[in-house]
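**Student:** Before anything else, here's the structure in question.
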Amino acid sequence: MAKATVLVIDDDPSIVDFLEMALEDEGYRVLASVDGEALQMAHDLQPNVILLDIMMPGMDGVEVSRRLRADPLTAGIPIVVMSAQDRLRATAALMPIDDRLPKPFALDRLFSTVDRWTSP
C-alpha cells in the first residue's frame with residue numbers, strides 16, 4: 001500500500017518523470033497534471049500533498065494555489081511550491097502555500113519535505 005498520494009503539477013515532463021520515479025521508489029502514489037487541469041484532479045482524488053511549480057503556460061502556480069485554497073474540498077491539502085530560488089523569493093510570498101522546495105533539490109530534501117506534509 002502506498003504511503004500517501006502526491007499530486008505533481010509541473011509543465012516540464014522531465015521534472016514530472018523524475019519526481020514520479022523518485023517518489024514511487026519511496027512508496028508514494030504519484031499523480032501528475034499541468035496548470036488548470038490539476039484543479040479538477042485535486043478536487044476528485046484528494047491527494048495528501050501537492051508539489052506545485054510556479055512558472056507554467058496557461059494558469060501559473062500562483063493562480064492554481066489560489067484556486068485550490070478557494071475550493072473547500074482542496075483548501076486543506078498542503079501545497080509545496082517548487083521553483084528556482086530567486087523566483088521562490090519573489091513569488092512565494094504572494095501564494096497561499098505551506099512550504100517551499102527550491103529547484104534544483106536533492107532527493108533527501110524532496111523526501112523530507114514530502115514526509116513532513118504526509119506523516120500523521
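**Student:** Every residue in the range 1-24 that is within 17 Å of Thr118 (Cα to Cα), touching a residue at least 24 places away in the same chain (Cβ under 8 Å), in a helix (DSSP H, G or I) and more than 11 Å from the chain's Cα centre (by Cα), please.
**Tutor:** Scanning the range 1-24 gives Ala22, Leu23.
**Student:** Exactly one condition in (1) out of contact with any strand residue (DSSP E or B) (no Cβ under 7 Å at 6 or more places or on another chain); (2) not in a loop (DSSP other than H, G, I, E, B) is false for Gly27; which is it?
**Tutor:** Every condition holds for Gly27 apart from (2).
**Student:** Only helices (runs of 4 or more DSSP H) wholly contained in the range 56-120 count here; list those with 2 or more residues that are farther than 25 Å from Gln46 by Cβ and not basic (Lys, Arg).
**Tutor:** 85-91, 107-118
**Student:** Which of the residues spanning the range 67-81 are over 13 Å from the mean Cα position of the chain (by Cα) and farther than 11 Å from Ile97 by Cβ?
**Tutor:** Arg67, Ala70, Asp71, Pro72, Leu73, Ala75, Gly76
**Student:** Let me confirm something: among Met55, Met59, Met82, which residue is in contact (Cβ under 8 Å) with a residue 24 or more places away in the chain, of a type in the set (A, V, I, L, M, F, W, C) and open to solvent by less than 20 Å² (accessible area, probe 1.4 Å)?
**Tutor:** Only one candidate passes the filter, namely Met82.
**Student:** Also, I was wondering about something else. Would you check which residues across the range 62-79 are surrounded by fewer than 19 Cβ atoms within 10 Å (Cβ to Cβ) and either touching a strand residue (DSSP E or B) at 6+ places or on another chain (Cβ under 7 Å) or touching a residue at least 60 places away in the same chain (Cβ under 8 Å) (or both) and list them?
**Tutor:** Pro78
**Student:** Read through the list (1) within 19 Å of Ile97 (Cα to Cα); (2) part of a loop (DSSP other than H, G, I, E, B), then give the number of the only condition that Leu51 fails.
**Tutor:** The single condition Leu51 does not satisfy is (2).
Yes or no, residue by residue, for (1) of a type in the set (A, V, I, L, M, F, W, C); (2) open to solvent by less than 10 Å² (accessible area, probe 1.4 Å):
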position: Ile15; (1), (2): yes, no
position: Glu20; (1), (2): no, no
position: Leu23; (1), (2): yes, yes
position: Ala42; (1), (2): yes, yes
position: Ile50; (1), (2): yes, yes
position: Thr91; (1), (2): no, no
position: Asp99; (1), (2): no, no
position: Thr113; (1), (2): no, yes
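**Student:** Exactly one of (1) of a type in the set (D, E, K, R); (2) open to solvent by 50 Å² or more (accessible area, probe 1.4 Å); (3) in contact (Cβ under 8 Å) with a residue 24 or more places away in the chain; (4) within 28 Å of Arg89 (Cβ to Cβ) is unmet by Asp35. Its number?
**Tutor:** (2)
The values are calculated or read from the model by the stated rules, or taken from the named source; none is laboratory data. Computed from a prediction, not measured in an experiment: that's the story for all the values here. Backbone-built Cβ (ideal geometry, glycine too); neighbour counts: all protein chains shown. Quick note on the areas: whole protein, heavy atoms, side chains included, nothing else; ligands and nucleic acids left out. Shrake-Rupley method; radii C 1.70, N 1.55, O 1.52, S 1.80 Å.
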